[in-house]
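Where a number appears in this text, it was derived from the coordinates with a stated rule and is not lab data. From a predicted model like this one, the values you see are computed outputs, not experimental measurements. Cβ placement follows ideal geometry from the backbone for every residue including glycine, while neighbour counts extend to all protein chains displayed.
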Amino acid sequence: MFVESKEEELMRTVMYIRVSKQEQNTELQKEALDKYVLNSKYQIVGTYVDIISGSKSSRPELDRLMIDARDKKFEHVIFWKVDRLGRSTLHMLQVVEEWQKLGITFSITTLNIDTNTPMGKFVFGLLSQVAELERTLIIERTNLAIGSIQNKLKQGKGHKAKSGRVIHSLGRPKGSKDRRPRSKAGYYHRWYEEKNK
């Protein structure tokens, strides 16, 4: 009887494992995560394994994990180290912040951080504040750069873009020749917001 009630209380949990190259072994991380959840309050309901560089913000299994998170398929994520989630601080913070909004907690096993504990909740809140600060700084830097370019353009000077092309106006080129692919991130976000109204 006691075992049954314990099973009901287990949190639906997923593992996220990432290595950079095919020849690297994912089993080491899997074993460490299995050991972490042994005799714990977590019930593993899925495992997501990426074999891709952590510098890439779009990864097949991480993308699938985020979609499943929005569909409430689990309540908790565990991963081995911070750099398994990503090497870009901003991207990692964005992921963690979205989890927080969705009510999903996480554990980083090597740091012994579990956001279900008081200390873990403090870390969660701290990461959200860092993400907010990072966004503010990016906006400030972007506005400063745009202001500088606009001043150049007002003076009749062209601005040399990163591609090496000299531009004389800001914004996307107009007309039918503008066939560059658009980011779908905004579309997915709006779709998710509409779905959950």
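Here 119, 11 are placed in order of increasing Cβ neighbour count within 10 Å, fewest first, which gives 119, 11.
Once you order the gyration tensor axes a ≥ b ≥ c over the Cα atoms, which shape class does the stretch 40-110 get: rounded for a/c under 1.5, otherwise prolate or oblate by comparing a/b with b/c? Verdict is rounded for the stretch 40-110.
Based on Cα contacts under 8 Å between residues 6+ apart, the stretch 6-130 shows a relative contact order of 26 percent.
Sparsely packed loop sites in the stretch 1-99 (the trypsin sites (Lys or Arg not before Pro) outside DSSP H, G, I, E and B with at most 12 other Cβ atoms within 10 Å) comprise 21, 72. Overall shape: rounded for the stretch 6-130, with the ratio a/c of the largest to smallest alpha carbon gyration tensor axis below 1.5. Between residue 89 and residue 112, full extension at 0.36 nm per residue minus the direct alpha carbon distance yields a gain of 6.3 nm.
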